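Single-structure report; data block below.
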Amino acid sequence: MTIATSTFSCNIHVLTNPKELGELAASDVAKELRALLAVQPKVRMIFAAAPSQSEMLHALASETNIEWSRVDAFHMDEYVGLPLGAKQRFGEWLKREFFDHVPLGGVHLIEPGDGPEFVAKEYAALLAESPIDIVCLGIGMNGHIAFNDPPADFEEPNDVRVVELEQMSRVQQVEEGLFPTLEDVPKFAVTLSIPRLLRARKLFCCVPGALKTAAVTRAFTGPIDTSSPASILREHTGCTLYLDVQSAAGLLKKD
């Protein structure tokens with residue numbers, strides 16, 4: 001398929017449906033994992049938690065010849081205020097979808113508890129112990145990456161921080177069936193910053209579905225701007241973007 005976009009570094013694949021998108025992304029992530037494990041003792045990965053990642057995670061769990069015991073997993077954001085074990089917590093979601101299905105060497109969850117600011121500093125220190133090799137992420141309806149809502153800070157000095165969520169980010173959680181009403185969605189979260197995510201060597205970004213069409217179109221045809229946080233992905237030379245025909249609708253040339 002032909003993509004109509006401005007010049008940027010990020011590679012783009014457009015697939016027919018979310019299943020094909022997830023399978024290709026998982027295959028590419030698995031290849032990168034095998035290559036890294038062949039030359040270094042461990043791989044450190046960060047994962048997004050969202051329905052947009054499900055197909056990729058399921059396919060990745062089925063990939064063979066990966067020594068998962070040498071892979072350490074982190075995640076990129078977590079709500080403040082949800083009780084331990086709540087099914088909507090991103091750590092719990094990732095355990096159900098992926099972490100409990102592969103024998104990972106380590107799983108490091110964000111647990112905000114009653115001291116989210118302190119937890120943010122602790123998690124930042126944990127991430128800083130060694131380079132991050134791979135990030136598996138998505139793009140939100142308002143263009144957020146992790147919970148960096150617009151206007152995002154592309155030069156945020158803190159690697160992990162506490163943020164107040166924009167209403168559209170909270171609406172997305174209801175639209176995707178994760179909470180029954182907007183009032184049920186927490187207003188605060190702990191999130192990795194954009195500079196922290198961009199320091200990873202490789203980014204694999206899965207963005208299926210019509211809910212993301214406007215955000216993808218703006219991020220990859222408009223200016224690189226803090227009002228569209230995902231637009232910064234265009235500057236990362238190790239980023240690969242996986243779309244389906246719905247999310248890519250605004251990028252496809254009409255031949």
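The values are calculated or read from the model by the stated rules, or taken from the named source; none is laboratory data. Remember, it's a predicted structure, so these values are computed and weren't measured experimentally. No Cβ is skipped: glycine too gets one built from the backbone with ideal geometry, and neighbour counts run over all protein chains shown. The protein model used for the area step is the full one, side chains on, heavy atoms only, and it has no ligands, DNA or RNA in it. Shrake-Rupley method; radii C 1.70, N 1.55, O 1.52, S 1.80 Å.
Descriptive notes on the structure:
- Max mean-square fluctuation residue, GNM over the chain, Cα-Cα springs under 10 Å, options Leu241, Leu178, Leu33: Leu178
- Entry note, the chain: the mean residue ellipticity at 222 nm calculated from DSSP H runs of n ≥ 4, each adding -39500 (n - 2.57), is -8000 deg cm²/dmol after division by the residues and rounding to the nearest 500.
- Charge tally for Val80 (other residues, Cβ to Cβ under 11 Å; Lys, Arg +1; Asp, Glu -1): -4.
- In region 37-101, GluC sites (Glu not before Pro) in a DSSP loop with at most 15 other beta-carbon atoms within 10 Å: Glu67
- Per-atom-type breakdown for region 5-65 gives carbon and sulfur 51% of the accessible area (1.4 Å probe, protein chains only).
- Förster radius 30 Å - calculated FRET efficiency between Leu252 and Thr226, Cβ distance, rounded to 0.05: 0.70
- Extending 7 Å from Cα along the Cβ direction at Val171 and again at Asp184 yields two label points whose distance is 1.9 nm.
- For region 104-201, the relative contact order is 33 percent, taking Cα pairs closer than 8 Å that sit 6 or more residues apart in sequence and dividing their mean separation by the residue count.
- Separation of the Asn17 and Arg201 label points, Cα + 7 Å toward Cβ, nm: 3.5
- Legend: distances between Cα atoms for Lys42/Lys187; Lys19/Lys95; Lys19/Lys121; Lys95/Lys187; Lys31/Lys87; pairs beyond 26 Å are Lys42/Lys187; Lys19/Lys121; Lys31/Lys87.
- Rg/Rg_ref, the chain, where Rg_ref = 2.2 N^0.38 Å and atoms are Cα: 0.94
- Relative contact order (%) - criterion: Cα under 8 Å, at least six apart; region: region 134-186: 27
- Beta bridges assigned by DSSP with both partners in region 11-244 are antiparallel in approximately 25 percent of cases.
- Residues in the chain average 43 Å² of solvent-accessible surface per residue, probe 1.4 Å, ligands and nucleic acids excluded.
- In a DSSP loop and with at most 10 other Cβ atoms within 10 Å, the trypsin sites (Lys or Arg not before Pro) in region 13-121 are Lys87.
- Extension gain, Glu235 to Val162: 0.36 nm times the residue separation minus the Cα-Cα distance gives 23.8 nm.
- Structural descriptor for the chain: relative contact order 28 percent, calculated from alpha carbon pairs under 8 angstrom and at least 6 residues apart.
- Overall form of region 144-255 per C-alpha gyration tensor (a/c, 1.5; a/b vs b/c): oblate
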